[in-house]
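Remarks on the structure that follows.
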Amino acid sequence: MVQVTELGYVGIGVKRLDDWKRFAAEIVGLEVADDGEADRCYLRMDYWHHRIVLHDDGSDDLAYLGFRVAGPDELGEMQRQLADAGIALRVASEDEAHERRVLELVKLEDPDGTPVEIFHGPEVHFARPCHPGRGMHGRFVTGAGGMGHCVIRQRDVAAARRFYQALGMRGSVEYVIRLGDKRTLAPVFMHCNERDHTVAFGLGSPERRINHLMLEVDNLDDVGLTYDLVRRHDIPVHITPGKHSNDHMYSFYFRNPSGWMWEYGFGARPATHQSEYYVQDVYGHAFEAGGF
């Protein structure tokens, strides 16, 4: 079975593009890149042309997820695999592939209607090192683990799990959270590489496609620096610093200019590739306004 290898890029629709540029550079530390397109800009975190596209479309929500496969043979096999699973897709045109700065891609939707793209051959600039938007102690963690992870809306969790399994991902419930009134939350976490999870679902509100996007850094001091910047700029913190039980990430969550959450973390362990579940985090991660 062919597998996607990473979350390569995401597209985000925004209302206030200038606010997002300042947030991305001055708070998160991403490089803002402009290729002269009036309706978008790009955010870099490593040697890739981009990892995030900000589309000035007014939606303030996730626009699409881009998952990588190893090459053209794997992309062809993925198309056959998805067809066998009864999943509709469309082969993108050369112009559409160029727009994403990849060699080839196919487009489809997950069961909740989130646009998904599967591609190979990203445009990589080893002659153009990433230049963070503000000082950082270290770098963003990408490599074999991809750009990070996201938690997205899925109103039919079982259907979503089958869909992402068809992309070659694996995973299951990692938390069983008891809410005190005989209800529980049991989010599903799916991985395709060394990250504990690349996509998760079973949390979040029905109003948005995305609950949060996580970026990881390789220096703990960058989490502390970012936390101070967030507090100094009066940006709401939704979940305070703490350590997760599943991926052992030390992180905190704060609001971005579109109103959903950004997780900033350090120190995640690799995926265990075996099923476990947890009932609470190691420490911290107290909810402030918003939270989950």
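Think of each Lys and Arg Cβ as +1 and each Asp and Glu Cβ as -1; about the Cα centre, that makes the dipole of the chain roughly 760 debye. Placing unit charges on the Cβ atoms only, positive for Lys and Arg and negative for Asp and Glu, gives the range 26-70 a dipole magnitude near 340 debye about its Cα centre.
Compared with the direct C-alpha span, the chain from ALA33 to VAL124 gains 31.4 nm at full extension, assuming 0.36 nm per residue. Label sites at ALA88 and ARG183, each approximated as a point 7 angstrom past Cα along Cα to Cβ, lie 3.3 nm apart. For the range 240-255, 3J(HN,Hα) computed residue by residue from phi via the Karplus equation (6.51, -1.76, 1.60; θ = phi - 60°) reads 6, x, x, 10, 6, 7, 6, 9, 6, 6, 8, 7, 9, 10, 9, 7 Hz, glycine and proline entered as x. Rolling a 1.4 Å probe over the protein heavy atoms gives the range 4-45 an accessible area of 33 Å² per residue. Of the labelled figures (1) 23.9, 75; (2) 18.1, 56; (3) 20.1, 65, only one reflects Rg and Dmax of the Cα atoms in Å as derived from the coordinates, namely (2). Put simply, when 168-180, 217-229 are sorted by average Cβ atoms within 10 angstrom per residue, most first, you get 217-229, 168-180.
For the chain, the share of accessible area belonging to carbon and sulfur comes to 49 percent (1.4 Å probe, ligands and nucleic acids excluded). Taking 0.36 nm per residue of sequence separation and removing the Cα-Cα distance, the ASP218/ALA289 pair yields an extension gain of 22.8 nm. Charge tally for ALA289 (other residues, Cβ to Cβ under 13 Å; Lys, Arg +1; Asp, Glu -1): -1.
Neighbours of ILE52 by Cβ distance under 13 Å: Lys/Arg scored +1, Asp/Glu scored -1, total +4.
Its Cα gyration tensor gives the range 181-222 an equivalent ellipsoid. The semi-axes, each the square root of 5 times an eigenvalue, are 24, 14, 12 Å from largest down.
Just to confirm a number: summing +1 for Lys and Arg and -1 for Asp and Glu over residues other than HIS149 whose beta-carbon lies under 14 angstrom from that of HIS149, what do you get? Charge balance in the 14 Å sphere: -4. I want to make sure I understand the PRE zone here: with the label point 7 angstrom from the Cα of ARG139 toward its beta carbon, which residues in the range 36-79 have backbone N atoms less than 20 Å away? Counting backbone N atoms under 20 Å from the label point, the list is 43-52.
The values are calculated or read from the model by the stated rules, or taken from the named source; none is laboratory data. Not measured: the values here are computed from a predicted model. Reconstructed Cβ throughout: ideal geometry from the backbone, glycine too, with neighbour counts over all protein chains shown. Heads up: the accessible areas ignore ligands, DNA and RNA and are worked out on the full protein's heavy atoms, side chains in. Shrake-Rupley method; radii C 1.70, N 1.55, O 1.52, S 1.80 Å.
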